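These notes concern the structure reproduced below.
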Amino acid sequence: MSSVEAMVVEGEALAGRRRSARCLGKERPCYALSKKFENEESPQKRPKPKSVKREQKGPSKTNGFVMQNDAASVSGKEEVMENENLSEVRENGISSEVKENGISGNGWFNANESKVSAASEQLNNGVHGQAPTKSAKQRVKETLRMFNTYYLQFVQEEEKRVKEVGQKLSECSKNKNGSNSEGDLKRASKRPDLKASSKMIKNNQVLYPEKMIGDLPGISVGDQFLSRCEMVVLGLHSHWLNGIDYIGKSCSKMEQYRGYTLPLAVCIVLSGMYEDDQDNSEDVVYTGQGGHDLLGNKRQVKDQKLERGNLALQNNHDTGVPVRVVRGHESRSSYCGKVYTYDGLYKVVKTWAEKGAAGFTVYKYRLKRITGQPSLTTNQVRFTREQAPQKISELRGLVCEDISGGQENMQIPASNVVDDPPFAPTDFEYSKAIRLAKNLKLPTNAAGCKCKGECGDPRICSCAKLNGGDFPYVRKDGGRLIEAKSVVFECGPSCGCNASCVNRTSQKGLKYRLEVFRTANKGWAVRSWDTIPSGAPVCEYTGILRRTDEVDADLENNYIFDIDCLQTMKGLDGRERRPGDTAALVNFDDKKAEADFCLDAGRVGNVARFINHSCEPNLFVQCVLSSHNDIRMAKVMLFAADTILPLQELCYDYGYALDSVVRPDGSIVQLACHCGAAGCRKRLY
């Protein structure tokens with residue numbers, strides 16, 4: 001089983017709490033952080049949490065896909081056709097039995113109401129008598145995380161290919177009589193996102209592989225995607241290029257399609273592909289498919305025909321079956337130049353054919369948004385959601401222009417619109433780097449690589465060899481971690497490479513504009529003004545590096561972070577092991593259960609001390625070594641688990657075990673969780 005596949009297998013977490021092994025790659029892996037919400041009363045003499053051994057009673061391992069119709073997933077589908085530039089996705093069957101939050105009063109919804117209720121009950125209570133599965137939102141998130149891991153792996157392959165081609169072309173130019181010409185070396189490169197989606201289709205890792213009518217569980221109005229391929233792997237829209245996704249006539253013999261007229265459209269993408277498109281928000285005039293030149297200039301070159309997707313939309317009109325609508329927008333933060341927003345269900349209310357702007361016949365469809373859905377997040381293909389400020393002076397409730405006092409690459413403002421009078425975060429000293437407690441010294445035993453300039457060849461770089469024979473980062477977007485590892489070995493002060501080396505990604509300081517803001521029920525929190533791509537470094541967790549036995553008596557300090565990387569690396573305390581080689585580590589005791597060192601951010605720390613817990617986080621913790629190889633004193637970095645859109649709160653899993661915090665008299669301390677996630681455990685500990 002590959003490392004990516006292993007991440008979707010459910011693993012056992014600290015103290016019997018169940019979680020997906022994918023969380024080990026993209027969520028905080030149960031590091032024991034002694035921090036609680038600031039607005040809660042501190043329990044009397046609260047000791048640091050400790051793991052509690054107990055019987056495992058979580059759900060059995062599953063493949064992560066719920067409510068599939070296996071027979072339908074095999075029959076009625078065409079093979080995926082793939083070449084260097086196109087990855088056509090076959091016509092699938094659908095399952096109308098997995099449907100959440102259907103809109104009542106709309107024909108076909110009522111006909112399937114009993115099936116929807118049964119499916120929802122199974123989704124919430126478990127399938128075939130098993131324990132409840134993960135929330136639909138969490139399954140969507142995990143599918144996108146898998147896609148991003150594959151995507152970054154293929155990005156790394158492409159970066160290597162481009163470098164090799166560049167070197168060979170340079171050799172050809174020097175040797176004019178060489179046997180290789182530029183034409184021999186150059187080839188069309190397939191986009192990494194297309195490779196990633198094709199691989200997931202081949203591996204049967206698409207979340208909803210059967211085409212479904214209506215909303216998909218876990219995908220809400222306003223959800224955004226940075227690529228058409230992300231929608232493909234979810235099953236929201238199964239074509240990365242075509243605008244109309246539909247159920248083909250080949251599915252007509254399937255039981256679930258009795259009573260439907262096929263072909264039938266399930267989703268359309270409004271991305272400005274045709275010169276005759278009109279988008280007036282809730283009232284859309286959509287131009288059918290076919291007849292344009294595929295060169296991106298939106299010009300029609302021949303008549304359209306009433307077939308395939310065009311005929312499907314006609315049947316939607318005739319039968320009243322709604323269609324999902326996704327809008328594409330220009331975006332600099334997306335690697336494909338666009339971001340796609342799901343805007344809900346529409347009905348086709350009118351169809352007609354006319355001569356288009358170029359004089360060719362085009363089919364037109366007027367779609368009207370079904371009432372009763374959440375309000376639109378787009379209007380005339382422009383965002384109307386809250387926008388991040390462009391300047392700190394524009395920030396509402398500004399109480400501090402820069403909590404770092406100029407230490408970071410960019411200012412970190414603080415805002416407070418909750419308290420009256422408002423106040424700023426105080427009672428701590430900002431420190432960009434960790435500090436050492438008295439009588440403590442970091443080892444300097446890392447030999448370092450002999451590379452010059454930037455490390456480029458993993459075959460000769462000794463640091464790359466420590467990471468399993470390759471670099472853990474890709475250069476894209478200034479450096480992104482491909483996947484979480486047991487430990488990341490970065491280049492350090494003993495290495496010959498320069499500061500721009502990709503294997504120094506976590507050492508380059510803040511790359512994204514962060515803001516500390518006051519919440520109503522969680523104290524201070526942190527959000528970004530920029531889009532943060534998955535795998536990107538967000539910040540280090542700094543503080544005073546201490547021995548854990550020195551802080552055991554400090555019961556009122558809620559900012560102690562135990563550096564217990566070893567527990568996750570070796571799979572102790574019921575944790576799933578991360579991939580990675582541990583041979584180079586020193587002071588490595590695979591049987592030791594307690595952390596020797598911790599980071600104390602009580603009085604000295606950075607922006608990370610304000611990041612809150614979530615049961616479904618968008619950050620994960622990664623141990624990093626560069627100047628030494630002592631895992632007990634590893635640097636603690638926070639990386640993006642998902643693509644994080646502007647103004648989303650940043651959060652990671654604190655990793656508490658339930659009932660693990662006790663008073664000196666043995667009574668259990670309980671603290672409610674206010675993270676608000678769909679799969680919230682309701683208690684922090």
So how exposed is residue 241, as accessible area in Å² (1.4 Å probe, rounded to 10)?
-> 70 Å²
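Work through the residues other than residue 311 whose Cβ is under 12 Å from its Cβ and net out their charges, Lys, Arg +1 and Asp, Glu -1. Provide the component values of the computation, followed by the final result.
Details: positive: 249, 305, 308; negative: 307, 318.
Around residue 311, the surrounding residues sum to +1.
Considering only the other residues whose Cβ falls under 11 Å of the Cβ of residue 352, what net charge follows from Lys and Arg at +1 and Asp and Glu at -1? Don't skip to the end; give the middle numbers.
On the way: positive: 350, 364, 366; negative: 354.
Net charge around residue 352: +2.
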For the range 160-170, what does the Karplus curve 6.51 cos²θ - 1.76 cosθ + 1.60, with θ = phi - 60°, yield as ³J(HN,Hα) per residue in whole Hz, taken in order and with x for Gly and Pro?
-> 5, 4, 4, 5, 5, 5, x, 5, 5, 5, 5
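What order do 550, 230 take when sorted by accessible area (1.4 Å probe), most exposed first? Write down the numbers at each step before the final one.
Numbers: 550 100, 230 10 Å².
My answer, sorted largest first, is 550, 230.
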Provide the solvent-accessible area of residue 299, counting protein heavy atoms only and rolling a 1.4 Å probe, rounded to the nearest 10 Å².
-> 110 Å²
Would you pull out the residues with amide H under 5 Å of residue 331's amide H, same chain only if 5 or more places away, H placed 1.01 Å from N?
-> 338, 339
Cα gyration tensor shape of the range 187-277, rounded if a/c is under 1.5, else prolate or oblate by comparing a/b with b/c | prolate
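What order do 237, 292 take when sorted by accessible area (1.4 Å probe), most exposed first?
Values: 237 0, 292 30 Å².
Most to least solvent-accessible, the answer reads 292, 237.
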Rounded to the nearest 20 Debye, what is the dipole magnitude of the range 203-268 about its Cα centre when Lys and Arg each give +1 and Asp and Glu each give -1 at the C-beta?
-> 300 debye
Pull up all non-local amide H partners of residue 471: gap of 5 or more, or a different chain, and H-to-H distance under 5 Å with H placed in the peptide plane.
-> none
Rounded to whole angstrom, the alpha-carbon centroid of the range 210-244 lies from that of the range 617-685 at a distance of 31 Å
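Quick one: Cα convex hull volume of the range 371-495, Å³ per residue?
For the range 371-495, the hull spanned by Cα atoms encloses 268 Å³ per residue.
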Using a 1.4 Å probe on heavy atoms of the protein chains only, the accessible area for residue 329 in Å², nearest 10, reads 10 Å²
Hey, can you grab everything whose amide H is under 5 Å from the amide H of residue 513? Only 5+ residues off in sequence or another chain; H modelled, so Pro and N-termini drop out.
-> 529, 530
The range 467-490 and the range 410-458: distance between their alpha carbon centers, rounded to Å | 20 Å
When every protein chain stays in place and a 1.4 Å probe is rolled, 317, 613 sorted by accessible area with the largest first are 317, 613
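The values are calculated or read from the model by the stated rules, or taken from the named source; none is laboratory data. Because the structure is predicted, anything quoted here is derived from the model rather than measured. Here Cβ is always computed from backbone atoms with ideal geometry, including for glycine, and neighbour counts include all displayed protein chains. What goes into the accessible areas is simple: the full protein's heavy atoms, side chains included, and nothing from ligands, DNA or RNA. Shrake-Rupley method; radii C 1.70, N 1.55, O 1.52, S 1.80 Å.
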